[in-house]
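S.K.: Structure incoming, see below.
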Amino acid sequence: MLNWIWSSMIILGIMVGFLNLMIFGNHDTISNIMQELMNTASLATEIVIGLVGMMCFWLGIAEIMDKTGITKILAKLLTPLFKVIMPEIPNGHPAIGSICLNMAANMLGLDNAATPLGLRAMRELETLNPNKGVASNSEIMFLVINTSSITIFPISVFLYRSKFGAEVPVDVFLPILITTTCSTIAGILAVAFFQKINLFKLPIFIAFGLLLSLLSGCFIWSMFVGANLATQASIFANGAILLFIMSVISYGLYKHLNVYEKFIEGAKLGFKTCIDILPYLVAMLVAVAIFRASGILPWILKQISNIFAYFNIDTTFVDAIAVSVMHSLSGSGSRALMLDIFNNFGVDSLVGRIASVMQGSTETTFYVLAVYFGAVQITRVRHAVTCGIIADLAAMIAAIFVSYVFFANV
C-alpha cells in the first residue's frame, strides 16, 4: 500500500503542476513544487542531524535500564495487557518496557524523549519478526498507538495559542484530551479488527479503567490549576522526565553498575539508527511536499466545503479540516496552517479552537511511519497505513464535534 500511496502523491502532484502550466499558464506551481522538493530533501537531513543527539542520550539511558533490570520489571507488570494486544511478544520481553516508556513520554508531550524510545522499541520488536522487511502485527499495533497517542499535555499548542493572544490559551485542554482518546481507541479497534484480536478480556478492561481514571484526574486537576495549566503542565512534564533520568542513574549506582560505561554502549547505537532512517524520511517528506505544493489539498477542501454548504450545514469547521489532513502528512505543514487560521480568523474563534484541537490530537502519521519503519528497514507496511488513517479520521470527527459542544456558543 505504501508503494502506491507514495507513488501516487508524487505523480499526481507533478501532473497537476504541468496541467496548471499548460492549461492556465501558471508557472508558479511548477516552481513551488521544485522549490519544495529541494527544501524538503535538505529538511530531512536537518531533522536526522537534530535527532542524533537525543537519540544517543535516550538509547544510553535505555541501556542502563536494561542492565539494571528496570525494563524487565516494567515488562513483567505490563505483560498481561500486551499478551492481549500484542500476543506475539513473549512474556517479559524488553520491548514491552520500551513501549511503555515511549507511551509515557508521548502522554507528557515530550517528543524528544518519545521518538528515541519508540525507535528502540521498534528495533526490539523487529527481533521477533520472522519476515524481515514486512511489518509484523505487533509492529503495526505499536505504530498505530504512536500515531494516535493520547496526549495529556499538548504544551506546544498551549504556547502557540498564548503567543497569538488567546484569552485562555489552555481552554482546549479537555477537548484535546477527549479527542486524542477517541483517536487512540479507534486506532486500537481498527488494528484489532484486521488482526482478529479479541479485546473483551480482563486486562483490557483494567487498562481502560485506569486510563479513564487518569483522564478524570487530569480533568479535575485542570479545574484547580485554571489559567496556569500550560505553565504547570510544562513544569510537571519536564520535572517528571528529569526525575526519571536521575532515578535510573541512581538505581544503576545502587546496583554497582558502571553507568557511564553502559550509557556510552547504548549511545553508540544512536548514530547508526539515525543513518538508517534518513532514506525513508527523505522519500516520505519529498512526496508530501510535492503533493502539498501542487495545490491538490486546497482543491479537495473546497469540494468538501461545497458538499456541506449544499446541505445547509455550517461550514465553519472546513478551514480547520486542512490542519487535520495536513497533520497526517506533515507536522510543520499543519502547524503553519493552524497559525494561518489564527491570523485570519482569530485564535479564539470557533475555527481557531477547532484547529488547535486537531493539531494537538494526533501524531504525524506518515512521518512516524517513515521514521519507525525506516529504522528497521520495513518496506511492506500491510494495514498500518489504513489503521493510522482510521485513527486520524476519528480524531478529525471527534475534534469537530467536541469543539462545537464546548465552543459553539462562546
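The values are calculated or read from the model by the stated rules, or taken from the named source; none is laboratory data. Keep in mind it's a predicted model, so treat the numbers as computed, not measured. Note that we place each Cβ from the backbone using ideal geometry, even for glycine, and neighbour counts take in every protein chain shown.
S.K.: Of the conditions (1) of a type in the set (Gly, Ala, Ser); (2) at pLDDT 80 or above; (3) surrounded by 18 or more Cβ atoms within 10 Å (Cβ to Cβ), Gly346 fails just one. Which one is it?
M.R.: All conditions are met except number (3).
S.K.: Restricted to segment 86-106, and to residues that are aliphatic (A, V, I, L, M) and crowded, with 23+ Cβ neighbours inside 10 Å, which residue is farthest from Ala135 (Cα to Cα)?
M.R.: It comes out as Ala105.
S.K.: Another question, then. When segment 130-167 is examined, which residues are found to be of a type in the set (A, V, I, L, M), surrounded by fewer than 20 Cβ atoms within 10 Å (Cβ to Cβ) and modelled with pLDDT of 75 or more?
M.R.: Val134
S.K.: Identify, please: which residue in segment 260-274 is out of contact with any helix residue (DSSP H, G or I) (no Cβ under 7 Å at 6 or more places or on another chain) and either modelled with pLDDT under 90 or of a type in the set (Gly, Ala, Ser) (or both) and is, among those, farthest from Leu59 (Cα to Cα)?
M.R.: Lys272
S.K.: A follow-up question, please. Return the pair list, or none, for Cβ contacts closer than 7 Å from residues in segment 358-379 that are closer than 21 Å to Ile397 by Cα to residues that are of a type in the set (Gly, Ala, Ser) and surrounded by fewer than 24 Cβ atoms within 10 Å (Cβ to Cβ), at least 6 apart or on different chains.
M.R.: Gln359/Ser334; Thr364/Ser330; Thr364/Gly331
S.K.: Need the failing condition index for Ala283 against (1) of a type outside the set (Phe, Trp, Tyr); (2) within 22 Å of the chain's Cα centre (by Cα); (3) buried (at least 20 other Cβ atoms within 10 Å of the Cβ), just the number.
M.R.: Answer for Ala283: the failing condition is (3).
S.K.: Scan segment 330-370 for residues that are assigned to a loop (DSSP other than H, G, I, E, B), of a type outside the set (Val, Ile, Thr) and under 21 Å from Ile178 (Cβ atoms) and jot them down.
M.R.: Just the residues of segment 330-370 that are assigned to a loop (DSSP other than H, G, I, E, B), to begin with: 330, 346-349, 360-364.
With of a type outside the set (Val, Ile, Thr) added as a condition, the list becomes 330, 346, 348-349, 360-361, 363.
If the condition is that a residue be assigned to a loop (DSSP other than H, G, I, E, B), of a type outside the set (Val, Ile, Thr) and under 21 Å from Ile178 (Cβ atoms), then Asp348, Ser349, Gly360, Ser361, Glu363 are the ones that fit.
S.K.: On to the next question. Does Thr316 fit the bill of being over 22 Å from the mean Cα position of the chain (by Cα), in contact (Cβ under 8 Å) with a residue 12 or more places away in the chain and not in a helix (DSSP H, G or I)?
M.R.: Against the criterion (over 22 Å from the mean Cα position of the chain (by Cα), in contact (Cβ under 8 Å) with a residue 12 or more places away in the chain and not in a helix (DSSP H, G or I)), Thr316 qualifies.
S.K.: Test Asp276 against the stated conditions and say whether it is part of a loop (DSSP other than H, G, I, E, B) and surrounded by fewer than 20 Cβ atoms within 10 Å (Cβ to Cβ).
M.R.: No.
S.K.: Would you confirm whether or not segment 281-295 contains a residue that is modelled with pLDDT of 80 or more, in contact with a helix residue (DSSP H, G or I) (Cβ under 8 Å, 6 or more places away or on another chain), among the polar types (S, T, N, Q) and more than 22 Å from Met55 (Cβ to Cβ)?
M.R.: Yes: segment 281-295 contains one or more residues that are modelled with pLDDT of 80 or more, in contact with a helix residue (DSSP H, G or I) (Cβ under 8 Å, 6 or more places away or on another chain), among the polar types (S, T, N, Q) and more than 22 Å from Met55 (Cβ to Cβ).
S.K.: Kindly provide the set of residues from segment 8-31 that are surrounded by 18 or more Cβ atoms within 10 Å (Cβ to Cβ) and more than 21 Å from Ala370 (Cα to Cα), ordered by number.
M.R.: Ile14, Val16, Gly17, Asn20, Thr29
S.K.: Still on this structure, please answer the following. Being over 14 Å from Glu124 (Cβ atoms) and in contact with a Gly (Cβ under 7 Å, 6 or more places away or on another chain) is the filter here, so list the residues in segment 74-92 that pass it.
M.R.: Lys76, Thr79
S.K.: Further question on the same structure: Does segment 380-389 contain any residue that is of a type in the set (Val, Ile, Thr), closer than 16 Å to Val170 by Cα and in contact with a helix residue (DSSP H, G or I) (Cβ under 8 Å, 6 or more places away or on another chain)?
M.R.: no
S.K.: Could you go through segment 54-61 and let me know if any residue there is more than 21 Å from Leu281 (Cβ to Cβ) and within 26 Å of the chain's Cα centre (by Cα). Reasoning before the result, please.
M.R.: Taking segment 54-61 first, the residues more than 21 Å from Leu281 (Cβ to Cβ) are 60-61.
When the remaining residues are screened for being within 26 Å of the chain's Cα centre (by Cα), the result is 60-61.
There is at least one residue in segment 54-61 that is more than 21 Å from Leu281 (Cβ to Cβ) and within 26 Å of the chain's Cα centre (by Cα).
S.K.: Any residue in segment 231-253 that's surrounded by fewer than 16 Cβ atoms within 10 Å (Cβ to Cβ): show its pairings with residues that are modelled with pLDDT of 85 or more at Cβ separation under 7 Å, as long as the two are six or more apart or on different chains.
M.R.: Correct list of pairs: Leu253/Val259.
S.K.: Quick test for you: out of Ala320, Ala267, pick the one residue that is farther than 19 Å from Phe366 by Cα, in contact with a Gly (Cβ under 6 Å, 6 or more places away or on another chain) and surrounded by 14 or more Cβ atoms within 10 Å (Cβ to Cβ).
M.R.: After applying the criteria, what remains is Ala267.
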